[in-house]
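Accompanying notes for the structure given below.
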Amino acid sequence: MTPAMTSLKDGLLKGGLGSLLILALIILVVFPLTLDLFRLNLVGKYLTYGFVAIGLVMLWGYGGVLSLGQGVFFGLGGYCMAMFLKLEASDPETTKIQSTPGIPDFMDWNQLTELPFWWKPFYSLPLTMIAIIAIPSLLAFIISFAMFKRRVGGVYFAIITQAVALVLSVLIIGQQGYTGGVNGMTDLKTMLGWDTRTDSAKYILYFVSAGLLIVSILLCMWVQKSKLGTLLLAMRDKEDRVRFSGYDVSMFKVFVFCLAAALSAIGGAMFTLQVGFMSPSFVGIVPSIEMVIFAAVGGRMSLVGAVYGALLVNFGKTYFSETAPDLWLFLMAALFIGVVLAFPNGLAGLYESHIKPWIARRVAARKASVTPRTPAAPTPPSTSLSSSAPPAAPARA
């Protein structure tokens, strides 16, 4: 191997890009070539949870802030996209049998006669894409600014995020005429006239979701390697020392909480596009805790490990629910408890403690077997002491 190739390999391994390249190879090449369309669509849905998982790595693993309400931001992003798709599906020609054509069907069922003003910006796709990021980030800013400026953290902040998830899910269910209620927003078929239910559309949405996930991981890696990432780690371990050094710790926490919210919202929007509906079942406490499990199983300090955790846990849910419908919840609990007890640092910790040293030993052994031994220097021929000794100096009188 040339020196340039060796330096490139070392740079990839030290920068963490090697594991990202392996992940990209798996989700962009291996899965599309080996899975049928139905299973690939399921994997695409699992990848949308990967956005939440990497956000939790930044928030919980690097920032030291545990949030049990990430389903709120996942759901808000999904509902923003669902509102755009629902308005497109509710044109006057399609809804001409309703009492009030041109509005979503659940509004007509609840006797609304006109579209609410706050729905109208979602006629525009660019405004919808801005709202997917802006609305969850704004809510995250309000919550985190109010809490962290008062130094509310730890378990108290986790409980507050749970309360926010509960309040939002109850609000969505209660306002049935505006949100679709417990059924959510369904029958989402087209996007700008493009049928998202076709086989080609499912492939395209899968690759878009995978590409956005890889870009999000690269963004988070850049944050981790910057000065901000160093301060986040210092804040997690010695918050008072960082504060006494003159930094505003609360604003760092606000930033990383808003970043995690924006990533979760992108995942929710892609989920709505791929699945074709959004409901309050993805907003409440239970899905929010499941999202924390994704990061815990994968490793809360590893971005790539968190994606593997999301894939493993959701694959386990699908497999166990198909093979053991009556026991799948117990099997999922056993999987989670077993992984956490055996590998406290998740799958990424298993890789660092066992697999990576094993690979290093194998590589070192291979190099030792390939490297040619340097021949020993030839030994000069031995001579007698009398011939090699210099002539004696003449004796002086």
Tilt, helix 328-342 to longest principal axis of the chain (alpha-carbon atoms), in degrees rounded to tens, equals 30
With label points set 7 Å from each Cα along the Cα-to-Cβ direction at residue 251 and residue 138, the distance between them in nm comes to 2.2
Mean separation of Cα contacts under 8 Å (at least 6 apart) over the residue count of the chain, i.e. the relative contact order in percent, is 29
For residue 146 and residue 358, extending 7 Å from Cα along the Cα-Cβ vector and measuring point to point gives, in nm, a value of 5.0
Counting only residues 5 or more apart in sequence or on a different chain, those whose built amide H sits under 5 Å from that of residue 191 are 196
In debye to the nearest 20, the charge dipole size for segment 105-239, taken about the Cα centre with +1 at each Lys and Arg Cβ and -1 at each Asp and Glu Cβ, equals 820
Rounded to two decimals, the Debye log10 I(q)/I(0) of segment 267-367 (Cα scatterers, no solvent) at q = 0.16, 0.18, 0.25 Å⁻¹ is -0.80, -0.94, -1.30
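Under a Cβ-Cβ cut-off of 9 Å, what is the net charge of the residues other than residue 188 that fall near it, where Lys and Arg count +1 and Asp and Glu count -1?
With Lys, Arg at +1 and Asp, Glu at -1, the neighbours total 0.
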Computed on Cα atoms, the radius of gyration and Dmax of segment 79-148 in angstrom are 15.1, 51
To the nearest 10 degrees, the tilt of helix 70-88 (Cα long axis) against the first principal axis of the alpha carbons of the chain is 50
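Out of the total accessible area of the chain (probe 1.4 Å, heavy atoms of protein only), what percent is carbon and sulfur?
68
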The helix 3-15 Cα axis meets the longest alpha-carbon principal axis of the chain at an angle in degrees, between 0 and 90 and rounded to 10, of 50
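Sort 359-367, 214-222 for me by packing, meaning the mean count of neighbouring Cβ atoms within 10 Å per residue, highest on top. Could you put the intermediate results ahead of the total?
On the way: 359-367: 10.3, 214-222: 17.2.
Sorting 359-367, 214-222 by mean packing, highest first, produces 214-222, 359-367.
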Phi angles of segment 144-158, converted by Karplus (6.51 cos²θ - 1.76 cosθ + 1.60, θ = phi - 60°) into ³J(HN,Hα) in whole Hz with x for Gly and Pro, give 5, 4, 5, 7, 6, 5, 9, 6, 8, x, x, 5, 5, 5, 4
Cα-based Rg and Dmax for the chain, in Å, come out at 29.2, 139
One finds the C-alpha centres of segment 305-349 and segment 61-97 to be spaced, in Å, by 27
For segment 236-284, dividing by residue count, accessible area per residue (probe 1.4 Å) in Å² works out to 37
Taking the dipole of the chain about the Cα centre (Lys, Arg +1; Asp, Glu -1; charges at Cβ), the one of 292, 272, 179 that reaches farthest to the positive side is 292
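Summing -39500 (n - 2.57) over the DSSP H runs of n ≥ 4 in the chain and dividing by its residue number, what mean residue ellipticity at 222 nm do you reach, to the nearest 500 deg cm²/dmol?
-21500 deg cm²/dmol
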The relative contact order of segment 153-243, taking Cα pairs under 8 Å that sit 6 or more residues apart, comes to a percentage of 8
Hull volume per residue for segment 138-225, using the convex hull of the C-alpha atoms, in Å³ is 174
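Report the net charge of residues surrounding residue 205, where surrounding means a beta-carbon distance below 14 angstrom and charges are Lys +1, Arg +1, Asp -1, Glu -1.
Local net charge: +2.
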Pseudo-spin-label distance residue 163 to residue 208, built 7 Å along Cα→Cβ, given in nm, is 3.9
In this structure, the FRET efficiency calculated for residue 186 and residue 286 from their beta-carbon separation, with R0 = 22 Å, to the nearest 0.05, is 0.60
So residue 100 and residue 324, fully extended at 0.36 nm per residue minus their Cα-Cα distance, gain in nm 76.0 nm
Out of 111, 129, 94 - ranked by how far each Cα lies towards the positive end of the dipole of segment 70-143, with unit charges on the beta-carbon of charged residues - the top one is 129
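The values are calculated or read from the model by the stated rules, or taken from the named source; none is laboratory data. On a predicted model such as this, the values are computed, not experimentally measured, just so you know. In this analysis, Cβ positions are derived from the backbone assuming ideal geometry, glycine residues included, and neighbour counts consider all displayed protein chains. SASA here: full protein model, heavy atoms, side chains in, ligands and nucleic acids out. Shrake-Rupley method; radii C 1.70, N 1.55, O 1.52, S 1.80 Å.
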